[in-house]
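Presented below is the structure to which this report refers.
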Amino acid sequence: MHLDEKTKDSSVVYDGKIFKIKKDTVILEDNSEAVREFVVHHGGVCVLPLTENNEILMVKQYRYPLGEATLEVPAGKLNGPGEDHFEAGKRELLEETGAAAENIEYLGEIYPIPAYTTEIIHMYLARGLSFSSQNLDEDEFLDVVRIPFEEALKMVMDGTIKDSKTMIIIMKAWIMLSGEGDK
């Protein structure tokens, strides 16, 4: 039972539209008990849309908990535990930027805050973009911004871009694409 915890009992403290909060009592490897409070989230997806001019389509939107507008790649939550993250990525890309992609490549998954949430975010690189119009949710307001890839990387490094999923996907895609010519 090393590095493992067994659930003794579990209760839902809050059950909302986007997530649940659970409070569990667990048995630790030394047989003592502890309480774990955590957020149960269906997960999400983020997409790095790269134009033929090597620009990333990013979205700037107000994030209420932080009290400021942030610069992020298009992203969204999965609508339920059974939703396919590839389809969710295509949906979010189209809704937020009005873009569809000819080529969408899976870049893996990240655990944004494993200490207190079950959320897993799936990452995609989208290329071969064609454009129509945005189809934002009724409570969603955002601006689409085109940023040269190299400039976005600098913005990650100087702290201008602070959103973790955006930082990770930009750096991962940069490293991956930098090695494409080596194949």
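Taken together, the values in this text are just the output of simple stated rules run on the coordinates, not laboratory data. Just so it is clear, the model here is predicted, and its values are computed rather than measured. So basically every Cβ, Gly included, is an ideal-geometry build from the backbone, and we count neighbours across all protein chains shown.
Taken about its Cα centre, the range 11-90 carries a charge dipole of about 340 debye when Lys and Arg each add +1 at the Cβ and Asp and Glu each add -1 at the Cβ. Principal semi-axes of the equivalent ellipsoid, √(5λ) from the alpha carbon gyration tensor of the range 44-182, are 20, 18, 17 Å from largest down.
Distance between the 7 Å Cα→Cβ label points at D137 and E102: 3.2 nm. Going from the residue with the fewest nearby Cβ atoms within 10 Å to the one with the most, L3, L28, L177 rank L3, L28, L177. Among F141, F86, a tally of other beta-carbon atoms within 10 Å of each Cβ gives an order, fewest to most, of F141, F86.
Residue by residue, the range 81-92 carries 3J(HN,Hα) couplings of x, x, 6, 6, 5, 4, 5, 5, x, 4, 4, 5 Hz when phi is fed to the Karplus relation 6.51 cos²θ - 1.76 cosθ + 1.60 (θ = phi - 60°); x denotes Gly or Pro. Measuring r between the beta carbons of V144 and T117 and using R0 = 22 Å, the FRET efficiency lands at 0.20.
Based on C-alpha pairs under 8 angstrom that are at least 6 apart in sequence, the range 50-177 has a relative contact order of 31 percent.
Rounded to the nearest 0.05, the FRET efficiency derived from the C-beta distance between N53 and T7 at R0 = 41 Å is 0.20. Amide H contacts under 5 Å for I161: V156, restricted to partners 5 or more places along the chain or on a different chain, H placed in the peptide plane at 1.01 Å from N.
Checking the Cα-Cα distances for K60/K154; K20/K77; K20/K90 against a 20 Å cut-off, the pairs over it are K20/K90.
Close amide-amide hydrogen proximity is noted between E119 and H41, each under 5 Å apart and 5 or more residues distant or on a separate chain (H modeled in the peptide plane; Pro and chain starts excluded). Going by a ≥ b ≥ c, the root eigenvalues of the Cα gyration tensor, does the range 52-109 fall in the rounded group (a/c under 1.5), the prolate group (a/b larger than b/c) or the oblate group? It comes out oblate by the Cα gyration axes.
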